[in-house]
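What follows is a short report on a single structure.
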Amino acid sequence: MKLVFAGTPEVAVPALDALLASERHEVAAVVTRPDAPAGRGRRLVASPVAERAAEEGIEILRPAGPRDADFQTRLREIAPDCCPVVAYGALLPPSALAIPARGWVNLHFSLLPAWRGAAPVQHAVLAGDEVTGASTFLIEEGLDSGPVYGVVTEEVRPTDTSGDLLTRLALAGAGLLAATMDGIEDGTLTAVPQPAEGVSLAPKLGVDDARVDWSAPALRVDRVVRGCAPAPGAWTVFRGERLKLVQAVPDPDVTGLAPGEVRAGKRHVHVGTGSHAVELRWVQPQGKKPMQAADWARGARIVSGERLAD
């Protein structure tokens with residue numbers, strides 16, 4: 001099939017690579033978000049998908065949005081059979097959905113109908129899911145509600161951050177998307193409607209969602225820290241300034257600390273929760289680089305009885 005691939009961030013690149021490597025399909029163009037300011041200089045930087053397409057000499061379409069008339073005209077001129085999508089970052093209007101003969105097929109990083117929305121991997125970690133996965137489905141007007149072509153499953157490991165899990169899903173999902181394109185092309189795959197039961201939503205996480213509640217059990221604190229890594233980044237407040245929590249591990253052997261109370265030793269820093277303590281391993285003070293928690297505690301000269309979030 002002739003394909004136009006839609007995607008923007010680094011997590012979409014493995015799927016693009018898998019389609020470029022296929023001998024059965026031609027990636028005629030990519031659709032990606034416009035170049036965006038990045039870094040201290042705020043210079044415009046192309047998306048990872050755009051950079052990868054440029055390496056291959058593939059046409060790059062950067063509409064301000066998929067409703068753009070010029071973009072839709074060009075897409076009709078290319079006349080793709082199908083448009084595979086991975087984390088493109090914009091909702092597709094009916095006028096765009098109607099252009100490819102076999103529709104737009106999305107690779108979504110959950111086992112649909114679970115975790116429909118922008119942050120499925122983060123919510124899977126936050127919820128303590130033991131298994132998640134990726135799904136390919138035909139995009140329709142509803143939010144991630146279209147019929148499913150195929151799935152792959154992935155175990156959620158006890159120490160996984162959202163970044164760890166997403167990296168594995170991006171690789172496994174790349175193979176699934178390529179196989180889905182093959183099945184659509186040869187007629188061996190049929191999209192199956194999603195069940196009405198088991199629907200859960202995964203909206204984008206904001207900064208407030210990432211603030212740690214020390215009165216919650218240690219298990220919940222652990223999930224928030226891992227689920228919000230690398231973004232938006234779990235955080236608390238220490239002496240009136242934000243302290244980012246890069247790594248915190250439950251330590252059931254340490255008890256007797258009030259929620260948020262800090263106990264700093266030479267090598268270990270523990271914080272009380274609603275159950276037992278967690279050990280802070282890595283933190284990032286405001287305006288500084290990440291550092292080992294013990295080094296932070298020595299520099300801060302923590303006084304006995306001090307608390308986080310006070």
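The values are calculated or read from the model by the stated rules, or taken from the named source; none is laboratory data. What you see is a predicted model; the values in this text were computed from it and never measured. Neighbour counts are summed over all protein chains in view; Cβ atoms, including those assigned to glycine, are modelled from backbone coordinates with ideal geometry. Surface areas here come from the heavy atoms of the whole protein model, side chains and all, with no ligands, DNA or RNA. Shrake-Rupley method; radii C 1.70, N 1.55, O 1.52, S 1.80 Å.
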Residues satisfying the stated conditions in the range 71-86, i.e. over 20 Å from residue 18 (Cα atoms) and surrounded by fewer than 19 Cβ atoms within 10 Å (Cβ to Cβ) = 71, 72, 73, 74, 76, 77, 78, 79
Count - residues of the range 70-101 that are assigned to a loop (DSSP other than H, G, I, E, B) and either among the aliphatic types (A, V, I, L, M) or touching a strand residue (DSSP E or B) at 6+ places or on another chain (Cβ under 9 Å) (or both) = 13
ask   = Based on what the data block shows, is residue 175 in a helix (DSSP H, G or I) and open to solvent by 20 Å² or more (accessible area, probe 1.4 Å)?
value = yes
ask   = Which one is most open to solvent (accessible area, probe 1.4 Å), of the residues in the range 118-157 that are in a strand (DSSP E or B) and out of contact with any Leu (no Cβ under 9 Å at 6 or more places or on another chain)?
value = 155
remark   = Selection over the range 21-70 where residues are of a type in the set (S, T, N, Q), open to solvent by less than 20 Å² (accessible area, probe 1.4 Å) and farther than 23 Å from residue 98 by Cβ yields a count of 1
task = Filter the strands (runs of 3 or more DSSP E) completely within the range 206-310 down to those with at least 2 residues that are open to solvent by 70 Å² or more (accessible area, probe 1.4 Å) and touching a residue at least 40 places away in the same chain (Cβ under 8 Å).
result = 241-251
key: Index of the failed condition, residue 182 passing every other in (1) under 22 Å from the mean Cα position of the chain (by Cα); (2) more than 26 Å from residue 164 (Cα to Cα); (3) of a type in the set (Asp, Glu)   = (1)
